[in-house]
Amino acid sequence: MFSFFKKWTGSTTNFAELIENGALLLDVRTKTEFEAGHIAKAKNIPLDQLPSKLDQLKNLGKPVITLCRSGARSGMAKGILQKAGVEVYNGGGWIAFKNKYAVK
């Protein structure tokens, strides 16, 4: 059953464990979108500002979970961070992520 799920979703990432171990929740939506609603523990760095914050994120020394509205921008952010050598995971849409992992 698990192997079917893994093939279907393409992911075996244990987000609950990452969160428990202190991963950074990074919301890459615009400031206006973020202020309209977000996960309280999330840090907001809009996607267009991400390149200027790479050193800061690399120096944290912990995994990053990217979030946005639907998963598209968080996927782009994952690519940018991955190329910079950051351990990063695409969490997708922030609302679904919040509900699934009961983060506040």
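The values are calculated or read from the model by the stated rules, or taken from the named source; none is laboratory data. Since the structure is predicted, the reported quantities are computational estimates derived from the model, not experimental observations. Note that we place each Cβ from the backbone using ideal geometry, even for glycine, and neighbour counts take in every protein chain shown. For the accessible areas, the whole protein counts, side chains as well, though only heavy atoms, and no ligand, DNA or RNA atoms are used. Shrake-Rupley method; radii C 1.70, N 1.55, O 1.52, S 1.80 Å.
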Practice task
Looking only at the range 36-66, count how many residues are over 17 Å from residue 93 (Cβ atoms), open to solvent by less than 80 Å² (accessible area, probe 1.4 Å) and of a type in the set (Gly, Ala, Ser).
Solution key: 1
Completion exercise
Pairs returned, first residue in the range 79-104 that is in contact (Cβ under 8 Å) with a residue 60 or more places away in the chain and at negative phi, second residue that is of a type in the set (Gly, Ala, Ser) and open to solvent by 10 Å² or more (accessible area, probe 1.4 Å), beta-carbon separation under 6 angstrom, 6 or more apart or interchain, are 97/91; 101/16; 104/40
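Mind listing just one residue for me: the one in the range 1-16 that is open to solvent by 100 Å² or more (accessible area, probe 1.4 Å) and part of a helix (DSSP H, G or I) and, of those, modelled with the highest pLDDT? Steps first, answer last, please.
Start the filter on the range 1-16 by keeping residues that are open to solvent by 100 Å² or more (accessible area, probe 1.4 Å), which leaves 1-2, 4, 7-8.
Retained after the next criterion (residues that are part of a helix (DSSP H, G or I)): 2, 4, 7-8.
Numbers: 2: 40, 4: 40, 7: 43, 8: 40.
Among those that are open to solvent by 100 Å² or more (accessible area, probe 1.4 Å) and part of a helix (DSSP H, G or I), it is 7.
Among helices (runs of 4 or more DSSP H) lying entirely in the range 22-104, which contain 3 or more residues that are of a type in the set (A, V, I, L, M, F, W, C)? Steps first, please.
Working: elements: 31-36, 54-60, 72-83, 94-101.
Qualifying helices (runs of 4 or more DSSP H): 54-60, 72-83, 94-101.
So if I check each of 33, 87, which one is open to solvent by 60 Å² or more (accessible area, probe 1.4 Å), at pLDDT 95 or above and either acidic (Asp, Glu) or touching a strand residue (DSSP E or B) at 6+ places or on another chain (Cβ under 8 Å) (or both)?
87
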